[in-house]
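Here is the structure we will look at, set down as structure tokens.
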Amino acid sequence: MTFVMRITLLSRRTCLFLWCVGCLWRVAPALASTSVTFPESWEVGQAFAVALSSHTPFESPSVTWMNRVISLDMEPGREGYVSYALLGSHVRDVKPGDYPLEFGFIQGDERFLVKCVVRLKAKKYPEEHLKVDDKMVTPPRSQLARIQKETRLAEAARKTMTEERLWTTPPARPVPGVFTSSYGFRRVYNGVAKGYHAGTDFRAAVGTPIRAPFAGRVVLVGKHYYSGGSVFIDSGNGVVSLFFHMDKIDVKEGDPIKKGQVIGKSGATGRVTGPHLHYGLSLAGQYVDAAPLFETSVTALLSTMKSEVVRP
Ligand SMILES: [Zn+2]
């Protein structure tokens, strides 16, 4: 199948609408109909939303961010059709700077590629000192192979990419307790710096029922060295939830999950200073700060962002 390729370049202050037919490049004015919404600038570690919307249907919508292609759903929107994605950047891995964001879709006999730029700004995350069992800072040799295997499984699970959007916002709170440790804290265990906290800790006594913030499907269940009783749920478009230190797990791999469904009970297993729930949110492989999402929705996030028309 051959398509006419149109490429739109959106920079922070300019909107160039370029299209290519074979080798012929032209510049054309942008008119109303299909648009993209994205943040011009956002903070490292914080989740943001992007959208592709149109009055007419489109096919194969996708967004590329941090070198990952995320296939999207097209669904009925307020004024036609829309695709959403939740994206972000892991504070451990991503430095402030300008990063490319690309939307792709097919409309009629044309394949579109819309190139945008998101400026990621620095955000200051505090340091946190914690006292844990020494074997949780320097694990015994006998546990190294196990830890490596668990790390591989966890990395694969949190990078799961499925097309169907099962997530809706705001997410359901997994437990009622307050936040006791935030995402992005630089963690120092027993005086040894051990990277960044990649999730949100909720206060939760052992045995507190844990509810799924988003609908989805269980992709990994395990009793891991560091994260203890663990569940990973894929909610589509690269949105994966992680629940750590659980005492009891009520689901198994492959189970479909409803939003708000109880998946088990909180505990104090793995590397902990006491009972709590660690909730992690991975967006297309980037761990982000989930906490602000509990207070907002995709539409509210998008209303703060820039919309650009990309196709007449
Ligand atoms: Zn945690």
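The numbers here are math on the coordinates, done by the rules we state, and not lab data. Keep in mind the model is a prediction, meaning the values are calculated, not measured. Positions of Cβ are generated from backbone atoms using ideal geometry, with glycine treated the same way; all protein chains shown enter the neighbour counts.
Tabulated data
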| item | result |
| --- | --- |
| Sum of -39500 (n - 2.57) over DSSP H runs of 4+, divided by residues of the chain (222 nm, nearest 500) | -2000 deg cm²/dmol |
| Interchain or long-range residues, amide H under 5 Å from THR208's placed H | SER266 |
| Ratio Rg/Rh [Cα only; Rh per Kirkwood] for segment 96-189 | 1.08 |
| nm² value of the averaged projected area, convex hull over the Cα atoms of segment 217-309 | 7.3 nm² |
| Calculated P(r) of segment 154-206 - Cα pairs past 19 Å, % | 55 percent |
| Residue-wise HN-Hα coupling along segment 238-255, computed from phi with Karplus coefficients 6.51, -1.76, 1.60 (Hz; x: Gly, Pro) | x, 8, 10, 9, 10, 10, 10, 6, 6, 8, 9, 10, 9, 10, 10, 4, x, 5 |
| Choice from PRO275, PRO213, PRO292 with maximal GNM fluctuation in the chain (Cα, 10 Å cutoff) | PRO292 |
| Backbone HN-Hα couplings from phi across segment 200-214 [Karplus 6.51/-1.76/1.60, Hz, Gly and Pro as x] | 10, 9, 10, 5, 7, 5, 4, x, 6, x, 9, 10, 6, x, 10 |
| Added length on full extension, which subtracts the Cα-Cα distance from 0.36 nm per residue, LYS124 to SER33 | 28.8 nm |
| Other-chain or far-sequence residues with amide H under 5 Å of LEU101's (modelled H) | CYS116, VAL117, VAL118 |
| About the Cα centre, charge dipole magnitude for the chain (Lys/Arg +1, Asp/Glu -1 at Cβ), debye | 800 debye |
| Model label zone, THR64; criterion: amide N under 16 Å from point 7 Å along Cα-to-beta-carbon; scope segment 98-132 | 99-106, 111-118 |
| Computed Kirkwood radius, in angstrom, where 1/r is averaged over Cα pairs of segment 127-295 | 15.9 Å |
| Candidates PHE294, PHE105, PHE38: whichever shows maximal mean-square fluctuation once the chain is modelled as a Gaussian network with Cα springs under 10 Å | PHE294 |
| Per-residue ³J(HN,Hα) for segment 70-75, Karplus 6.51 cos²θ - 1.76 cosθ + 1.60, θ = phi - 60°, Hz, x for Gly and Pro | 10, 6, 10, 7, 9, 9 |
| Rounded to 10°, Cα long-axis angle of helix 144-158 versus longest principal axis of the chain | 30 degrees |
| Shape of segment 44-87, Cα gyration tensor, a/c cut at 1.5 | oblate |
| Amide H partners (placed H, <5 Å) of ALA215, local residues excluded | THR168, LYS259 |
| Candidates VAL178, VAL114, VAL36: whichever shows maximal mean-square fluctuation once the chain is modelled as a Gaussian network with Cα springs under 10 Å | VAL178 |
| Equivalent ellipsoid, the chain (semi-axes from 5 times Cα gyration tensor eigenvalues, Å) | 39, 20, 17 |
| Packing-based exposure ordering (other Cβ within 10 Å, fewest first) of LYS265, LYS135 | LYS135, LYS265 |
